[in-house]
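Student: Take this structure first; my questions come after.
Please treat every number below as a calculation from the coordinates, not as lab data. Note that the structure is a prediction, hence the values are computed from the model and not measured. Cβ: placed from backbone, ideal geometry, glycine included. Neighbour counts: every protein chain shown.
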Ligand code: APR
């Protein structure tokens, strides 16, 4: 892949890089995105029926089962070359921060270290009353499992629509975006806030913006370098071109 020389020059000099990822990064692992016209989950299911506190109050079993179904799907897949390329990038850059909207845990499984999970992690479960986490829960198919401490209903440790993001992770994500020299937006439609505002925070602080996405997004007109393709193909080539070739 022929990378613009200017981007190679910028990346080889950069000591602070922030990367924001979305569902598109896990698409080549076999996980569906949310808004892809054909296969997006939200084309088949209504987020307001499944991914909100009201939905859980209305029909906790329906919500629990939907996340249990997604959890089973995630257990059947593995990180792809895009995830692993970001692990390599992290090894090359002291100031590297991976900010993800994904709840699938594939970045961590690939070996990424400095990860901020803005929307939580579907593999974690906590009590909807006392907030306590639990490692194991019965798979009683009749009702939603209950918390061993307070008998509250268990729920996935993800951020539902209308809920606030984890404060510490968000503060660290904003800080990493404001202080990076290069900001990558990869596999995200860039429409869900506050994650979608991070690229603009980076831009307002003079960072170079790079987008990797087969489709154009609202961010595309504002980026310095746009790669219209799959992250599992572009990221390994980019990491190889910038850091492997230049280090030999
Ligand atoms: N490589 C890179 N990008 C891809 C690929 C791929 N192989 N396949 C699809 N994409 C792009 C799509 O073009 C789309 O722009 O990934 C993007 C996925 O967008 P969404 O489905 O909207 O997912 P995301 O941006 O992560 O959604 C944000 O919304 O539903 C909530 O909480 C959920 O975290 C999620 C948030």
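Student: Is at least one residue of the range 64-77 within 24 Å of residue 219 (Cβ to Cβ), within 14 Å of the ligand (Cβ to nearest atom) and not in a helix (DSSP H, G or I)?
Tutor: no
Student: Scan 88, 48, 28 and give me the residue that is within 9 Å of the ligand (Cβ to nearest atom) and either touching a helix residue (DSSP H, G or I) at 6+ places or on another chain (Cβ under 8 Å) or not in a helix (DSSP H, G or I) (or both).
Tutor: Going through 88, 48, 28 in turn, the sole match is 28.
Student: Can you find, within the range 145-196, the residue that is nearest to the ligand (Cβ to nearest atom) among those that are within 14 Å of the chain's Cα centre (by Cα) and without any contact (Cβ under 8 Å) to a residue 24 or more places away in the chain?
Tutor: Within the range 145-196, the match that is nearest to the ligand (Cβ to nearest atom) is 196.
Student: Right, another one. Before we move on, is residue 42 within 14 Å of the ligand (Cβ to nearest atom), without any contact (Cβ under 8 Å) to a residue 12 or more places away in the chain, under 21 Å from the mean Cα position of the chain (by Cα) and surrounded by 13 or more Cβ atoms within 10 Å (Cβ to Cβ)?
Tutor: It is true that residue 42 is within 14 Å of the ligand (Cβ to nearest atom), without any contact (Cβ under 8 Å) to a residue 12 or more places away in the chain, under 21 Å from the mean Cα position of the chain (by Cα) and surrounded by 13 or more Cβ atoms within 10 Å (Cβ to Cβ).
Student: Considering (1) in a helix (DSSP H, G or I); (2) in contact (Cβ under 8 Å) with a residue 12 or more places away in the chain, say which one residue 215 fails and leave the rest.
Tutor: Failing condition for residue 215: (1).
Student: Are any of the residues in the range 159-168 surrounded by 20 or more Cβ atoms within 10 Å (Cβ to Cβ) and touching a helix residue (DSSP H, G or I) at 6+ places or on another chain (Cβ under 8 Å)?
Tutor: No, the conditions are met nowhere in the range 159-168.
Student: In this structure, is residue 137 closer than 16 Å to residue 157 by Cβ, more than 16 Å from the ligand (Cβ to nearest atom), in a helix (DSSP H, G or I) and over 15 Å from the mean Cα position of the chain (by Cα)?
Tutor: no
Listed here are the residues, each with its yes/no results for (1) closer than 18 Å to residue 170 by Cα; (2) away from the ligand (no atom under 15 Å from the Cβ); (3) under 15 Å from the mean Cα position of the chain (by Cα).
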{"position": "80", "(1), (2), (3)": "no, no, yes"}
{"position": "102", "(1), (2), (3)": "yes, no, yes"}
{"position": "115", "(1), (2), (3)": "yes, no, yes"}
{"position": "118", "(1), (2), (3)": "yes, no, yes"}
{"position": "129", "(1), (2), (3)": "no, yes, no"}
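Student: When you look at residue 55, is it within 16 Å of the ligand (Cβ to nearest atom) and surrounded by fewer than 21 Cβ atoms within 10 Å (Cβ to Cβ), yes or no?
Tutor: yes
Student: For the list (1) in a strand (DSSP E or B); (2) within 30 Å of residue 138 (Cα to Cα), I need the number of the one condition that residue 210 fails.
Tutor: All conditions are met except number (2).
Student: If I ask for residues that are surrounded by fewer than 20 Cβ atoms within 10 Å (Cβ to Cβ) and either in contact (Cβ under 8 Å) with a residue 24 or more places away in the chain or assigned to a loop (DSSP other than H, G, I, E, B) (or both), which ones from the range 218-239 would you list?
Tutor: 218, 224, 225, 228, 229, 230, 233, 236, 237, listed by residue number.
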